[in-house]
1. Considering the alpha-carbon set of the stretch 183-353 alone, what are its Rg and its Dmax in angstrom?
2. At most 14 other Cβ atoms within 10 Å and a DSSP loop assignment: could you name the trypsin sites (Lys or Arg not before Pro) in the stretch 223-317 that fit?
3. Run lengths n ≥ 4 of DSSP H only: what is the helix-derived mean residue ellipticity at 222 nm for the chain, with -39500 (n - 2.57) per run over all residues, to the nearest 500?
4. Please express the shape of the stretch 1-111 as an equivalent ellipsoid: the semi-axes are the square roots of 5 times the eigenvalues of the C-alpha gyration tensor, given largest first in whole angstrom.
5. Can you pull the Kirkwood radius for the stretch 223-262, inverse mean 1/r over Cα pairs, to one decimal in Å?
6. So which lysines can residue 85 reach, going by Cα to Cα under 28 Å and dropping same-chain residues fewer than 8 places off?
7. Please state, rounded to one decimal and in Å, the Kirkwood hydrodynamic radius that the stretch 165-266 gives when every pair of distinct Cα atoms enters the mean of 1/r.
8. Straight-line reach only, C-alpha to C-alpha below 19 angstrom: list the aspartates and glutamates that residue 138 could link to, leaving out same-chain residues fewer than 8 apart.
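None of the figures in this text is laboratory data; all of them are computed from the coordinates on show. Bear in mind the structure is a predicted one, so any value in this text is a computation, not a measurement. A quick note on method: Cβ atoms are made from the backbone with ideal geometry, for glycine too, and the neighbour counts reach across all protein chains shown.
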Amino acid sequence: MRIALVSDTYTPQVNGVTTVVARIVQTIRAFGHEVVVVAPRYPGNGAAAVSGELRVPSAPFPPYPAIRLSLPQFRSVARFLDAFKPDVVHVATEGPLGLTGRRYAIRRHVPLVTSYHTNFPQYARHYGARVIEPLVWKWLRWFHRPAALTQTPGEAVRDELERRGIGKPVVWGRGVDTTHFHPDRRSAGWRRWLAGGDNTAVVLHVGRLAAEKNINVLATAWTAAHERVGEHATFVLAGEGPETRRLLTRLPWVRQLGFLDRATLADVYASADICVLPSQTETCGLVALEAMASGLAVVAADAGGFRESITHGRNGLLVAPDDATGFAAEILSLVIAPQRRAELGAAARAAALARDVAPENLALLQQYAAAAGLSITGGGAASCAA
């Protein structure tokens, strides 16, 4: 098969969508199929051609400069995709490039697959624009309507899309690479640098530091927990975003690591003890699964995709999203009880193994083949369906 992926975010940018899109590219190639990617060009990315990629000039989105908005380039995108002759166009995002990919698929009568990764209606509420929420749903119905299927990484979100009449939703993209994210990556060097020794618990948060990630709750909870645990815990942030400066002003005692590449991130996960995730807008919560695969005790918001990965008290802890006092209490309970967090971490690892990427990768190829009217043979090769 020949798959064209179009996304408004891609490497070297670090976020959940990029992680999933990069995984799709690797999967397609690993099974012997062909793939090209249309994505933004980032500062420092240069204009140099990379085989199998078309990088489109982009500009920063003023409220959030890390997000790049690609300029309208339908003709160049169409030339690139025409030369490739895709069997399927997979549009991973609903931004300007996503619109271009959608337009191309419709005009060329190529089967279209879309993804729904970002909970835009909830984002509208977080940024004080609740009044436009119905318009957001209307836009999403229009955008995904031509798709043969719409991938989304959570059952709750799939059900919501079905209720809203959006696309033909299927659950895909909530697998975790349990060989890459593994407790064996625990590093004495990282622990010495972060905590100073094994007797100090490392409390970690991973993710984009933005309002929709419930950062205010994180800051309040960490402040309360830090006052109680003192030197018995060190608090570490892995990520950046528009709230970085304000958060560090409130929490001057945290270790801030910024965005990390996947290898370093896996080392940091495994070298921590507790992962705290208060966001209530996650469609999947892949960050929780990565932490669980790394053997951490996870304290997460009782919302969204986290509910589909964590069973409270068995393989992690769930707290009401806006209950900063509850988050602080659970952090304290784990800092003072190493055995309990070890037990939760072991159960979390077992739960993550049930979400390994391998079965999902084969399902991805089967979905593409179905959209294109092809069939998948045992080795993953595609052939024309009868």
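1. Considering the stretch 183-353 through its Cα atoms, Rg and Dmax are 14.1, 38 Å.
2. Loop-located and lightly packed - 314.
3. Value at 222 nm, helices only: -12500 deg cm²/dmol.
4. 21, 16, 13
5. 11.1
6. Partners within reach: 168.
7. The answer is 15.6 Å.
8. 94, 159, 160, 162
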